[in-house]
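S.K.: Could you have a look at this structure, given as structure tokens, before my questions?
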Amino acid sequence: MRSTKWFERKFNFDTAQNIFPSIIERLGGTPVRLEEKMKLIPENILETKPDNAWSIKENIGHLTDLEPLWRGRVEDIMNGEKELRPADLLNKKTDEANHNAKSLDNLLNDFRQSRAHTISMLEKLNEETIFSSALHPRLKTPMRTMDLFLFVAEHDDHHLARITELIKLLVRNNF
């Protein structure tokens, strides 16, 4: 089963309920789920790039690469910016980071630490900030802090699903 490409996804952020504690819980679980997923993965497939797409290691590194963007967007909302800072839609940071040269343990630890920093920031926010918003530059829709981190959780899951897809493909094809 192939999932929808990230840039083709549509999002609906219309809940008036405060689901932020559940979102924080979900975000905090991503490093744990990722580490668990990596426990039984053969080392020889971690750097394989089928069809020149990102490897498993590059998908992991990409999650870490984006953490400063997520934190920066919270700052944008807190500072009353009208529009959130843009992401690099070409993902140059990930492409140039050479994540395949890093050990799996370092990639996982880097993500865990960076995500912990993000979670620490989020846990200090008040309800007014959670419901404050700015325009998302690509989606052209207002995004509250709560919506932003639901978006981040969806992005996490997108890459976890991609890693699962890669594992199945590479193990099946005996890379």
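S.K.: How far apart, in nm, are two points set 7 Å out from the Cα along the Cα-to-Cβ line at Arg138 and at Ser22?
M.R.: 2.5
S.K.: Hey, another quick one. Taking 0.36 nm per residue of sequence separation and subtracting the Cα-Cα distance, how much length would be gained by fully extending the chain between His117 and Asn52, in nm to one decimal? Spell out each step's value before the answer.
M.R.: Numbers: separation 65, 0.36 × 65 = 23.40 nm, distance 3.19 nm.
Between His117 and Asn52, full extension yields 20.2 nm more.
S.K.: Another question, if that's okay. Which order do peptides 51-62, 158-169 fall in by mean Cβ count within 10 Å, highest first? Walk me through the numbers on the way to the answer.
M.R.: Numbers: 51-62: 19.2, 158-169: 16.8.
By packing density, highest mean first, the sequence is 51-62, 158-169.
S.K.: Further question: Between Ala87 and Glu165, how many nm apart are label points set 7 Å from Cα along the C-beta direction?
M.R.: 1.5
S.K.: As a test question: what accessible area, to the nearest 10 Å², does Asp65 have when a 1.4 Å probe is rolled over all protein chains in place?
M.R.: About 20 Å², rounded to the nearest 10.
S.K.: Could you compute how much accessible surface Asp147 exposes when probed at 1.4 Å, giving the result in Å² to the nearest 10?
M.R.: 10
S.K.: Using a 1.4 Å probe on the protein chains only, how many percent of the accessible area of the chain belongs to carbon and sulfur?
M.R.: Values: 4820 of 9660 Å².
Carbon and sulfur atoms account for 50 percent of the accessible area of the chain.
S.K.: Using a Gaussian network model of the chain with C-alpha springs under 10 Å, which one of Lys140, Lys49, Lys37 is most mobile by mean-square fluctuation?
M.R.: In this elastic network of the chain, the residue with the biggest mean-square fluctuation among Lys140, Lys49, Lys37 is Lys140.
S.K.: Any chance you could give the angle, 0 to 90 degrees and rounded to 10, that helix 20-38 forms with the longest Cα principal axis of the chain?
M.R.: For 20-38 against the chain, the angle is about 10 degrees.
S.K.: Also: State the Cα centre-to-centre distance between the stretch 40-103 and the stretch 121-141 in whole Å.
M.R.: 21
S.K.: Compute, for Glu75, the solvent-accessible surface of its heavy atoms (probe 1.4 Å) with the complete set of protein chains present, and express it in square angstrom to the nearest 10.
M.R.: Using a 1.4 Å probe on the heavy atoms, I get roughly 90 Å².
S.K.: Taking the chain, how much of its Cα-Cα pair set, in percent, is spaced more than 22 angstrom apart? Let's see the in-between values first.
M.R.: Details: 6979 of 15225 pairs.
In whole percent, the share of Cα-Cα pairs in the chain beyond 22 Å is 46.
S.K.: Check which residues have an amide H placed less than 5 Å from Glu83's amide H, if you skip close sequence neighbours.
M.R.: Close amide H contacts, sequence-distant or interchain: Leu135.
S.K.: Could you state the angle between the C-alpha long axis of helix 56-78 and the longest principal axis of the C-alpha atoms of the chain, as a value from 0 to 90 degrees rounded to the nearest 10?
M.R.: 10
The values are calculated or read from the model by the stated rules, or taken from the named source; none is laboratory data. It should be emphasised that the depicted structure is a prediction, and the values quoted were computed from it without experimental measurement. Ideal geometry is used to build each Cβ from the backbone, glycine not excepted, and the neighbour counts take in all protein chains shown. Accessible surface areas use protein heavy atoms only, side chains included; no ligands, DNA or RNA. Shrake-Rupley method; radii C 1.70, N 1.55, O 1.52, S 1.80 Å.
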